[in-house]
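Some notes on the structure that comes next.
What follows draws every value from the coordinates through simple rules; no lab data is involved. As the structure is a computational prediction, the values presented were derived from the model and not from experiment. A quick note on method: Cβ atoms are made from the backbone with ideal geometry, for glycine too, and the neighbour counts reach across all protein chains shown.
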Ligand SMILES: Cc1ncc(COP(=O)(O)O)c(C=O)c1O
């Protein structure tokens, strides 16, 4: 069995003659599901056709289903416009919890928007002060922000994130679809300095492999219906 690499990881770094026999792709003709329709409460529906369903039942790419990855990259640029984006990387993951539970020591952990359980949101000024402290002690900031889209500010005035002021590349930001679409589907996305996100991908390759393909298909479908806006 020859497998494709799962996303810029181990297989991509090996020599061209390497055959990856670490996993086995099941025969797609034996997958039980043909297609599916998710009926939304508002009357709309999301159709997973035969082609998408075949892909959804097979192993996927660790960094995320490419159409959804494109969408979340666009979300990050739109809402955070990170100053260090050229040296950053965005990936789809299985939620904010997975992101922050796998980060290193020597970090400042923040849950900046509608913090659980206090409900407090850090002001822009406070974020800048915390960023300066991180800079002074050369610390990484883990920005666990699953409630970002639920902020109680003015309409369309989203809080300025740590990612959006991160000129040094010291912010690992965790976003989540858990609070705005579904927590059970287990989909989120992570943005951070490329070398750190690459390590995260390598770790994922050896542990959970990738987020559920069907969940990603569903989230991608919802996202398109919402015309790329959660604001
Ligand atoms: C602060 C905080 N971080 C992370 C999570 C988990 O988010 P996810 O479902 O995206 O893993 C929660 C959920 O309760 C939370 O309150």
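Odds and ends about this structure:
- Kirkwood hydrodynamic radius (C-alpha pairs) into Stokes-Einstein, the chain, 25 °C and 0.890 mPa s, D in µm²/s: 130
- Considering only the Cα atoms of the range 36-101, their convex hull presents on average a projected area of 6.6 nm².
- In the elastic network of the chain, a GNM with C-alpha springs shorter than 10 Å, the most mobile of 167, 121, 207 is 207.
- FRET efficiency, 1/(1 + (r/R0)^6) with R0 35 Å, evaluated for residue 15 and residue 167 via beta carbons: 0.40
- Sorting 94, 55 by the number of Cβ atoms found within 10 Å of their own Cβ, with the fewest placed first, yields 55, 94.
- Spin-label model, residue 225 to residue 31: label points 7 Å out along the Cα-to-beta-carbon direction sit 2.1 nm apart.
- Residue order, fewest to most beta carbons within 10 Å, for 139, 25: 25, 139
- Potential lengthening of the chain between residue 59 and residue 116 amounts to 17.1 nm, from the contour at 0.36 nm per residue minus the alpha-carbon distance.
- Taking label points 7 Å from Cα along the Cα-to-Cβ direction, residue 39 and residue 123 give a separation of 5.0 nm.
- Solvent-free Debye scattering, log10 I(q)/I(0), computed from the Cα coordinates of the range 106-231 at q = 0.15, 0.21 Å⁻¹: -0.81, -1.33
- Distance between the C-alpha centres of the range 183-220 and the range 105-164: 22 Å, rounded to the whole angstrom.
- Ranked by how many other Cβ atoms sit within 10 Å of their own Cβ, fewest first, the residues 102, 170 fall in the order 102, 170.
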